[in-house]
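The values are calculated or read from the model by the stated rules, or taken from the named source; none is laboratory data. These figures come from a predicted structure and were not determined experimentally. Here the Cβ is made from the backbone with ideal geometry for all residues, glycine too, and neighbour counts use every protein chain on show. Side chains are part of the model used for accessible areas, which takes the heavy atoms of the whole protein and leaves out ligands, DNA and RNA. Shrake-Rupley method; radii C 1.70, N 1.55, O 1.52, S 1.80 Å.
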Amino acid sequence: MSAEGRKRLVAALAILLAIAAVALSLVIKPGPTREILVITGSTTVLPVVEECARECMKLNPNADIRVSGGGTGVGIANLIDGICDIAMASREPGPEEIARANETGVNLVLHRIAIDAICVIVHPVVEETLGEPLELKLEDLREIFTGERRYWNQVDPRLPPEPIIVFVREPGSGTRGTFEELILREGDECIGYEKHGNPALRDAVAATKWSIGYVGLGFVNEGVRVVWIYNEELGEYAEPSKESARSGIYPLTRYLYLVTDGVPPEGSLARDFIEFVLSPEGQRIVEEVGYISITERAED
Amino acid sequence: MLEAVGMAEGSSKSLDGIELVAALCAAGSIAVLGLIIAFVVAEGAPALASGILTLENRWEPEYDRYGLYTLLASSIAVAVGALAISVPAGISSAVFVVEVLPPKLRDFVKVPIELLGAIPSVVYGFVGYKVIVPTISSAFGIYYGQTALAASLVLAVMTVPTILSLSSEVLASVPLEYREASLALGATKWQTIRHVVLPTATPGVLASILLAFGRAIGETIAVVMVAGCPQQLSGPIWNLLQPVYPMTAAIVMGMGEAEIGSLHYHALFAIGGILLAFSFAVNAAASLISRKASIRLRL
């Protein structure tokens, strides 16, 4: 075949392919267009939103809700860039994020959807040695997590002089930000081994003797033991639980948010979704996933 | 471009369709590489310009402390530790496969070892996390087994196939006459390997080691799962029983939550730039050396 002939053949093939692609896209595309809602952000909030999205799509077959994680930072950045409609956040936006939102004319509106309690967890060997749950004050936590106290006998004389192995979350983690805000003073720095995500941190504590770390309440399992935290106002130690967190007795708590650009207009899918999350049905899902509902009525 | 290529091949012939497609694909790949480099440099430059990157032993983006020593020392300790195991293992298995095994049996040994290189790295990470880490903590009596040694062991297994397959190619391409001449002079088989085959193949073997080093420095997920990730190294760089925080791990740990445009974000891109520079240097050195090797082999 001559060069000219081959050229024609390739051109003809290319045109055929293009036609086929167009035809295929017409065939595959479903008839009615579905309203799309894109949600990204905090992996802490993710399980709640995923379940709510599933329920919401059952109720409204025309809704196409696409949920993905990535972290609070990614979620807020996506919202500012217009890549998502709702960002999931386990902390309030930082000053740089607010500045960037202002630059691009995005108005970040926060919707509180749940309460999360941060649990300090230890390897079971600590509780077995004590014979009772470990009890700590916020100041004890500060000194352990900044490395001022390095051995367990400095925490409680009944414990042996084993080194305290401290696990913390990765930089930028919402859980870490909240935890450090709650226990640190100006100029303090937490020092420890970094773990990516709640399950990884919990598994590290479960696998490492004489270790301590922190996770969201919903992530505690039988492999680790929770630490009771001292409430300075009440003068008593509080066990981390849904009840103690909602009533404010347990000190290490934070809010979880959905973030939108402005208040979503009445009738929009984003508005419907947020209303669903805040409805008794949505708040039941919040509780099922292991967080604490924002509305007390949801508690039966 | 059409004209230029056509002219290079002779003015009468113009570029035909398939060549055009191939040229576009090649140009596309080069463009992607260029864009990646440009993006990493552009996003990393603010970190270098603002001088936030220091050489202190403290990597803690949460407090805007970006000490490169922790990451660089970790990456180097882990990669060197891995090569200390995989280089002797890889080269001796290459010698065994090429020089000792009868050619018919070669594939029975070579293919399984090369398959090690096809296992997804997350699987290595998982095995390392569940098997190597607990073994290290009980063998050395330390509570936290996620150490440089664990990462080195995982990377050693991952880099053996690279060294084996490249080195065995080089060894196999040493001309048969060299061996025959050596044996004819009365040298034993081992003497021939030691004094004739290996010296001839040295540049190619070195190139394979360099590529393995590049792989070890750049490997990410398997390392994150077993390295421990402390914010500072507690011991000297040669202490393999301490947790380490290699550069790739810092990027994985930080990227998800780093605010776009923050110091942390730019610092992570600067680390990415350092990794890119490492792998370019390693690849350039490897290709320089192996170019030299082919000249020597043709002598």
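Observations, loosely collected:
- Modelled FRET efficiency - R0 56 Å, B:A42 with B:A184, Cβ distances, 0.05 increments: 0.35
- Total accessible area lost when B and A pair, probe 1.4 Å, Å² to nearest 100: 3000
- Cα centroids of the stretch B:64-125 and the stretch A:128-165: 42 Å apart.
- Among the chymotrypsin sites (Phe, Trp or Tyr not before Pro) in the stretch B:198-299, those located in a DSSP loop and surrounded by at most 16 other Cβ atoms within 10 Å of their own Cβ are B:W238.
- Seen from A:F179, the other residues with C-beta closer than 9 Å to its C-beta sum to a net charge of +1, counting Lys and Arg as +1 and Asp and Glu as -1.
- Interchain or long-range residues, amide H under 5 Å from A:A114's placed H: A:L256
- Where A:L184, A:L134 fall by accessible area, highest first, once all protein chains stay in place (1.4 Å): A:L184, A:L134
- Hull volume per residue, based on the alpha-carbon atoms of the protein assembly as shown and their convex hull, is 233 Å³.
- Each Cα pair under 8 Å and six or more residues apart adds its separation to the average, and for chain B the resulting relative contact order is 26 percent.
- Estimated FRET transfer efficiency when R0 is 25 angstrom, pair B:L55-A:I191 (beta carbons, to 0.05): 0.85
- Mean partner shielding of peptide B:57-65, defined as the number of other chain Cβ atoms within 10 Å of each residue Cβ, is 4.
- Proximal charge balance of A:A238 [Cβ under 13 Å; K/R count +1, D/E count -1]: -3
- B:E114 sits with roughly 70 Å² accessible to a 1.4 Å probe, with DNA, RNA and ligands left out of the calculation.
- For A:K7, a cut-off of 13 angstrom between C-alpha atoms picks up these aspartates and glutamates, skipping any fewer than 8 places away in its own chain: B:D16, B:E19.
- Averaged over peptide B:127-137, the number of partner chain Cβ atoms lying within 10 Å of each residue's Cβ comes to 1.
- Candidate aspartates and glutamates - alpha carbon under 17 Å from B:K130, same-chain residues fewer than 8 apart omitted: A:D203
- Among the helices of chain A, those built from whole DSSP H runs whose Cα atoms reach 15 Å or more along their own axis and whose mean Kyte-Doolittle hydropathy is at least 0.5 are A:3-28.
- Principal semi-axes of the equivalent ellipsoid, √(5λ) from the alpha carbon gyration tensor of the stretch B:146-288, are 41, 17, 11 Å from largest down.
- Per-selection Rg to Rh, the stretch A:117-253 - Cα, Kirkwood hydrodynamic radius: 0.92
- Shown for chain B: the carbon plus sulfur share of the solvent-accessible area, taken with all protein chains present and a 1.4 angstrom probe, equals 72%.
- Toward the positive end of the charge dipole of the protein assembly as shown, with +1 on the Cβ of Lys and Arg and -1 on the Cβ of Asp and Glu, the farthest Cα among B:S74, A:V277, B:C229 is that of B:S74.
- Under the simplified labelling scheme, the B:L101-A:L17 pair shows an inter-label distance of 4.1 nm, with each label point 7 Å from Cα along Cα→Cβ.
- Estimated inter-spin distance, A:N153 and A:E127, nm [label 7 Å along Cα→Cβ]: 2.5
- Accessible-area ranking of B:S279, B:S262, largest first, probe 1.4 Å: B:S279, B:S262
- Per residue of A:166-177, other chain Cβ atoms within 10 Å of the residue Cβ number 5 on average.
- Ranking of A:C52, B:C25 by solvent-accessible surface, largest first: B:C25, A:C52 (1.4 Å probe, protein heavy atoms only, all chains present).
- Between the stretch B:229-299 and the stretch A:228-263, the alpha-carbon center distance in angstrom: 41
- Most simply put, the protein assembly as shown has about 60% antiparallel DSSP beta bridges, counting only bridges with both residues inside it.
- Distance between the stretch A:179-203 and the stretch B:133-161 - C-alpha centres, whole angstrom: 25
- Long-range amide H partners of A:L108 with built H, under 5 Å: A:G262
- Simple spin-label estimate for A:N60 and B:I18 gives 5.4 nm between the two label positions (7 Å along the Cα-to-Cβ direction from each Cα).
- Förster radius 41 Å - calculated FRET efficiency between A:I83 and A:R112, Cβ distance, rounded to 0.05: 0.95
- With all protein chains modelled, accessible area of A:T253 [1.4 Å, Å²]: 40
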